[in-house]
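Below: the structure, in structure tokens.
The values are calculated or read from the model by the stated rules, or taken from the named source; none is laboratory data. Given the structure is predicted, the values throughout are model-derived calculations rather than measurements. As a convention, Cβ positions derive from the backbone with ideal geometry for all residues, glycine included, and neighbour counts pool all protein chains shown. Remember, those area values only see protein heavy atoms, side chains included, never the ligands or the DNA or RNA. Shrake-Rupley method; radii C 1.70, N 1.55, O 1.52, S 1.80 Å.
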Amino acid sequence: MSCITFNVGTSFNLNGCIKHEFSKPIGFRNHSTFPKSSTHLSKTLNLSLTNSSFSLFDTRTRPFQSVFKCIAQSSEPSASIGVETKNNSEGVAVLVIGGGGREHALCYALQRSPSCDSVFCAPGNAGIASSGNATCISDLDVNDGAAVESFCRKWGVGLVVVGPEAPLVAGLSNYLVKVGIPTFGPSAEAAALEGSKNFMKQLCDKYEIPTAKYKTFTDPSAAKQYIQEEGAPIVIKADGLAAGKGVTVAMTLEEAYEAVDSMLVKGDFGSAGCRVIVEEFLEGEEASFFALVDGENAIPLESAQDHKRVGDGDTGPNTGGMGAYSPAPILTKELESIVMDSIIMPTVKGMSAEGCKFVGVLYAGLMIEKKSGRPKLIEYNVRFGDPECQVLMVRLESDLVQVLLAACRGELSGVSLDWSPGSAMVVVMASKGYPGSYEKGTIIENLEEAELVTSGIKIFHAGTAFDSEGRYIATGGRVLGVTAKGNDLEEARDRAYQAVENVNWPGGFYRRDIGWRALPQKQHTK
């Protein structure tokens, strides 16, 4: 196994001023609609983007820089941005980078923004394209900053929203901000909050952010010795990006040793597992906390709670997320205040002090400790969570375009967010076998009928494509996010499962107890 480390690049920040006073009631559509008409969509999408000498930061050749050695750069963008900047009367064209359920939800919310003219999504997926929530650009190389820049200039894109973590860690935001294109998503070095768990832990140590006790290892024998001293249960984490699968909650010493060998000896996670974090096991209830950050200021989003385990009752291996709901009753206003004061703001201020200003969304995975009732930071993600993004975006009533532009321009301090009352829930439908091996290409039917079975339903696509006959097929592990709104969580749950049970997909499965911590148990079966 060859270990690969990544270089964290240089940061750029956009400063400016924007006042957010937009609000628009949410309104579910029970049929497909197309983006607001504009000159962008009246043109024929005939892209011929040539390769450029630019490539994103090489993740294989340069040593990882410590959190305490980030390079501070000028925060001023270049004077001439060369992008067609639309005024408010015409609206803003937005490009969303990514092709999963999170990106579908972002496209849906952006399209509803009063100041949005049109939404593009690269590469997108079959469901995003057919829903009319965005125009999908499947042949745009999102790993080529120059190609993305060329597309933005050609189509007058005034805001880029980067969904997945990999382009962020690779430096896409650095490149686009440097050439003057407003981009919502952190620079490469700021994205190391997710790209390296050791990076995050060092920041927590320095700025006294509450987190689990830990040690970092590259030697398997030393890791096993520490595990033996600490005892089980204990948590083993791959340091780098592992698509949500690099964490083992070991209930026995043997499981912990096996996890260490998997990462450090067998190389099952490649470069992501060249270094491991051995962490104390925290007992309590997990919650997801999101905050929008402009480099200096942060504002919280509504609360949400994810279900990581694959099986009912939170059993089986961890996944990228099998469902979520919002709001999460465990995250009270008092607790939200504690999280902002003790975790989010120290992180934002600490990153700024280190010359690594963070602009984007901070997703804090929290453990509300059973013994103390206090929150501790488990991990950071540097983008909207998936599937939490789905329930947040259907509840958001503010103009998302203006909110994200405010973050890009460093002026979130005067922004407040409006949310619909009631609750939302998403139930993830995944390919049988996930998170292990699974069959691709299984046929999914009856999706349009499922969206119409009751009010308040929106099905977000994560891993779908069309076969030769124009039918939806599954191309990933997590494939659909069946999302519903309701006056309360119980109504949202009942509506979501009613829609799920009308989807005809023999090759898929889903958890039948999403929301079980907040609601009386109620099994859902076909």
Original post:
Does LYS206 satisfy being touching a residue at least 60 places away in the same chain (Cβ under 8 Å), out of contact with any Cys (no Cβ under 9 Å at 6 or more places or on another chain) and either of a type in the set (Ser, Thr, Tyr) or in a helix (DSSP H, G or I) (or both)?
Top reply: yes
Filter result for ILE514 (crowded, with 21+ Cβ neighbours inside 10 Å and hydrophobic (A, V, I, L, M, F, W, C)): yes
When you check ALA424 against the structure, is it outside any strand (DSSP E or B), surrounded by 23 or more Cβ atoms within 10 Å (Cβ to Cβ) and among the small types (Gly, Ala, Ser), yes or no?
no
Going residue by residue through the range 441-460, is there one that turns out to be open to solvent by 50 Å² or more (accessible area, probe 1.4 Å), under 25 Å from LEU392 (Cβ atoms), of a type outside the set (A, V, I, L, M, F, W, C) and within 24 Å of the chain's Cα centre (by Cα)? no
Restricting attention to the range 339-379, the residues that are touching an Asp or Glu at 6+ places or on another chain (Cβ under 9 Å), farther than 23 Å from TRP419 by Cβ and hydroxyl-bearing (Ser, Thr, Tyr) number exactly 2
Given (1) open to solvent by 10 Å² or more (accessible area, probe 1.4 Å); (2) out of contact with any Ser or Thr (no Cβ under 8 Å at 6 or more places or on another chain), CYS389 misses just (1)
| query | Out of all the residues in the range 181-190, is one or more in contact with a Gly (Cβ under 9 Å, 6 or more places away or on another chain), more than 27 Å from MET340 (Cβ to Cβ) and not in a loop (DSSP other than H, G, I, E, B)? | reply | no
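Inside the range 88-107, can you point out the residues that are closer than 20 Å to GLU397 by Cβ and surrounded by fewer than 24 Cβ atoms within 10 Å (Cβ to Cβ)?
Result: ASN88, GLY91.
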Of all strands (runs of 3 or more DSSP E) fully inside the range 275-347, the set with 2 or more residues that are over 21 Å from PHE199 (Cα atoms), of a type in the set (Asp, Glu) and in contact (Cβ under 8 Å) with a residue 40 or more places away in the chain is 284-294
The condition of being over 15 Å from the mean Cα position of the chain (by Cα) and either in contact (Cβ under 8 Å) with a residue 60 or more places away in the chain or open to solvent by 10 Å² or more (accessible area, probe 1.4 Å) (or both) holds, among VAL359, VAL401, only for VAL401
Given the conditions (1) crowded, with 20+ Cβ neighbours inside 10 Å; (2) touching a Phe, Trp or Tyr at 6+ places or on another chain (Cβ under 9 Å); (3) over 30 Å from LEU480 (Cα atoms); (4) among the aliphatic types (A, V, I, L, M), every one holds for ALA406 apart from (2)
The lone condition SER113 fails out of (1) without any contact (Cβ under 8 Å) to a residue 60 or more places away in the chain; (2) among the small types (Gly, Ala, Ser); (3) in a loop (DSSP other than H, G, I, E, B) is (1)
(1) open to solvent by less than 10 Å² (accessible area, probe 1.4 Å); (2) on the phi > 0 side of the Ramachandran plot; (3) over 19 Å from the mean Cα position of the chain (by Cα) all hold for LEU412 apart from (2)
